[in-house]
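Step one of this worksheet: look at the structure below.
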Amino acid sequence: MKLKKQVTVCGAAVFCVAVFSLYLMLDRVQHDPIRHQNGGNFPRSQISVLQNRIEQLEQLLEENHEIISHIKESVLELTANAEGPPALLPYYTANGSWVVPPEPRPSFFSISPQDCQFALGGRGQKPELQMLTVSEELPFDNVDGGVWKQGFDISYSPHDWDAEDLQVFVVPHSHNDPGWIKTFDKYYTEQTQHILNSMVSKLQEDPRRRFLWAEVSFFAKWWDNINAQKRAAVRRLVGNGQLEMATGGWVMPDEANSHYFALIDQLIEGHQWLEKNLGATPRSGWAVDPFGHSPTMPYLLRRANLTSMLIQRVHYAIKKHFSATHSLEFMWRQTWDPDSSTDIFCHMMPFYSYDVPHTCGPDPKICCQFDFKRLPGGRINCPWKVPPRAITEANVAERAALLLDQYRKKSRLFRSNVLLVPLGDDFRYDKPHEWDAQFFNYQRLFDFLNSQPALHVQAQFGTLSDYFDALYKRTGVEPGARPPGFPVLSGDFFSYADREDHYWTGYYTSRPFYKSLDRTLEAHLRGAEILYSLAVAHSRRSGLASQYPLSNFALLTEARRTLGLFQHHDAITGTAKEAVVVDYGVRLLRSLVSLKQVIINAAHYLVLGDKETYHFDPEAPFLQMDDTRLNHDALPERTVIQLDSSPRYVVLFNPLEQERLSVVSLLVSSPRVCVFSEEGQPLAVQISAHWSSATDMVPDVYQVSVPIRLPALGLGVLRLQLGLDRHRTLPSSVRVYLHGRQLAVSRHEAFPLRVIDSGTGDFALSNRYMQVWFSGLSGLLKGSGLCFLAEHPKGG
């Protein structure tokens, strides 16, 4: 305002000076004595000079006026920028075309050359293994490899380890699916809690024992049900390295369907739980059961400060190729990374499965004989009809030689003399006698092998990180660094086939309803977390924290854990049993309802001008959400806004970090509706029918669509009231193509409708930006293209 006043005063002064100068000149002429001596007759030369001066003054006045106008425009522009951009609202022209005004202040982002290095190509070392190239070159045949059906015969010389002993780490583990054949709670009650309870006691019996765990969701539930003494024992086991928490995610997530937001969220939830309760930070990733592997996971794990990882479910032809070329361990790099900033060391398991018969070596018939849960008299046995035998003084030499042969053959597939041998399967170690059978028998085998220097082998129980640490030490590099001679790989491991032509690709689309519900919960969680954070921060700063429901944080935590649980590789994939899917659905819906409560409470607080008037009443929420779901498998039902003599208000939220231009569609009870912005400015709207089917309009329900700009992470309020503004209301125009079918089409006088009984030819819709083609037979989209508007060379 100060600048405006200064400019106005300055302009007025210039104008006054100019006018006063003109007045003095004229006055001087009138009182000129020569003029009176000549009887008041001017010489023509003086009149001409005076006329020229007057014209010059007029020109100066006009220039001063232009200068003042420019200054005034600059002041107005500065004022507008200081107070925020004007509301440029979409409108439509008389011919029914919508016009969207340009951005009030276009944003320009400077991009440094480093930001685009990945697009330049050729700057860094190219990966030796690019999965697109590998997939193109492999024959993907299925040649019988002998005892290793999907591989080949492996040979070695006993002297291969004369210079350096073979170091073997046997890693006991139990893979616990948080829902698959049974629900999460049923698995926990019947199996998981017994596994973890036995783990505490059995690991304490011998400090040489190790155990690996990955699913924090189960561990957290168990933790809540154990006493302080057992918790202290667990912390000791983690602290001395007997128990390793691998990956640290809430679940072992699917890597094909899960959105990266949910992958990060479940990883954070698990890591924070481990840090808070165990003081543990995961170092290695463990993914033995996801159906194919995405490069997103190594990127996230590397950014989470993990240094190494393991994967299992990779196409058998790729495993065979990598085994033959000693490429089962590699630095996994992002395809866009020109150097090694995203590298993480990855171990690929070479054989069919992660169960005991397929982990000690290439011959499952022999490896199964060292799964001591299958000892005669148990509930499971070996499919190859040769059962395990308990290790005794009489047979230990023979049994150890048989097992060592498998270890040596497996080690020939890798580049180092450090060998990883997982020892576990789904829900293993749920009975105390299995702990005893596995640990006692293997320890006898290890003691014998380690007592024979001529065998050049050192075998022990270990964790995944024990294995990686030994490998890094053997190869002379720091943890996470690239060992000399190991390849670099980029790409993904989709699609997965475990045998023959059994491709695991149906889960990309199976049970799509729950995949959609997952994304809905994800979006609500994002919005609820932002709104809750803004509301709590404001309430604390204003001294009103006691009035705000901080208990909503528990609802956010529960929703995060529900979303994390559903990222499990048998949940979002749709591969669980029907009863388990129902359990997931109920959990998702319950969390969705809770998040809507959080959003309502936060939005209520934030839109109030006077925050002192805020009152939290869970029985009478201030706002109502725009849709509801009757049960977990029901489609959402949109809320119809009932219009009457009183105005209705709609609160909108933009959870994005940038301004957003969106078309907001609401259901109302009347086609006569006016929509106003927060400032009371009338907005352009389109009124459409609400259809229950392709030919039936819903009576007394109408859709009003409003293009509106919302600020980044901001709220907006619309006011709706009965009335009709013909200048700002555009009724939709509808064409129904029947293609020869005899169908009745409902009509409404408010909307122009044309029924076209045409053939089955394709048809197109277009605007100034794009054109899309639809099948005349099915109505489905067939193609699209951009429209390019050519301008006249001179700008016409």
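The values are calculated or read from the model by the stated rules, or taken from the named source; none is laboratory data. Owing to the predicted nature of the structure, the values given are computational and were not obtained by experimental measurement. Virtual Cβ from ideal backbone geometry, glycine too; neighbours counted across all protein chains shown. Accessible surface is based on the protein model in full, side chains and every heavy atom, while ligands, DNA and RNA are left aside. Shrake-Rupley method; radii C 1.70, N 1.55, O 1.52, S 1.80 Å.
Condition first: among the small types (Gly, Ala, Ser), buried (at least 19 other Cβ atoms within 10 Å of the Cβ) and not in a helix (DSSP H, G or I). Can you find one or more residues in segment 224-246 that meet it? Yes. Of the residues making up segment 168-213, those that are open to solvent by less than 50 Å² (accessible area, probe 1.4 Å) and either part of a loop (DSSP other than H, G, I, E, B) or not assigned by the TED database to the domain that holds Phe370 (or both) are Asn176, Asp177, Pro178, Gly179, Thr183, Asp206, Arg209, Arg210. Filtered by the rule that a residue be crowded, with 18+ Cβ neighbours inside 10 Å and either part of a loop (DSSP other than H, G, I, E, B) or polar (S, T, N, Q) (or both), segment 656-670 gives a lone residue, Ser670.
Enumerate the pairs (first residue in segment 467-482 and in contact (Cβ under 8 Å) with a residue 40 or more places away in the chain; second residue anywhere and of a type in the set (Val, Ile, Thr)) with beta-carbon separation below 6 Å, excluding pairs fewer than 6 apart on the same chain, so at least 6 apart or on different chains. Taking only residues 6 or more apart or on different chains, the pairs are Ala470/Val418; Leu471/Val418; Arg474/Val418; Pro479/Thr307; Gly480/Thr307. Against the criterion of being in a helix (DSSP H, G or I), open to solvent by less than 70 Å² (accessible area, probe 1.4 Å) and within 30 Å of Leu544 (Cβ to Cβ), Tyr605 qualifies.
Does Leu263 fit the bill of being outside any loop (DSSP other than H, G, I, E, B) and either touching a strand residue (DSSP E or B) at 6+ places or on another chain (Cβ under 8 Å) or not charged (D, E, K, R) (or both)? Show your work before the answer.
Values: outside any loop (DSSP other than H, G, I, E, B): yes; either touching a strand residue (DSSP E or B) at 6+ places or on another chain (Cβ under 8 Å) or not charged (D, E, K, R) (or both): yes.
In short, yes.
Of the residues examined, Thr562 is one that is buried (at least 17 other Cβ atoms within 10 Å of the Cβ) and assigned by the TED database to the domain that holds Gly527. Cβ-Cβ contacts under 7 Å between residues 6 or more apart (or on different chains), taken from a first residue in segment 521-549 that is without any contact (Cβ under 8 Å) to a residue 12 or more places away in the chain to a second residue that is open to solvent by less than 50 Å² (accessible area, probe 1.4 Å), are listed as Ala545/Ser539. Of the residues that make up segment 413-432, is at least one more than 22 Å from Thr463 (Cβ to Cβ), over 40 Å from the mean Cα position of the chain (by Cα) and not small (Gly, Ala, Ser)? No, that holds for no residue.
Meeting the requirement of 2 or more residues that are charged (D, E, K, R) and not assigned by the TED database to the domain that holds Val650, no strands (runs of 3 or more DSSP E) wholly within segment 671-773 can be named. Under the condition of being over 20 Å from His259 (Cα atoms), open to solvent by 50 Å² or more (accessible area, probe 1.4 Å) and in a loop (DSSP other than H, G, I, E, B), the residues counted in segment 300-352 number 7.
Here's the yes/no breakdown for (1) open to solvent by less than 60 Å² (accessible area, probe 1.4 Å); (2) at pLDDT 95 or above; (3) not aromatic (Phe, Trp, Tyr):
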position	(1), (2), (3)
Ala454	no, yes, yes
Gln458	no, yes, yes
Tyr472	yes, yes, no
Pro487	yes, yes, yes
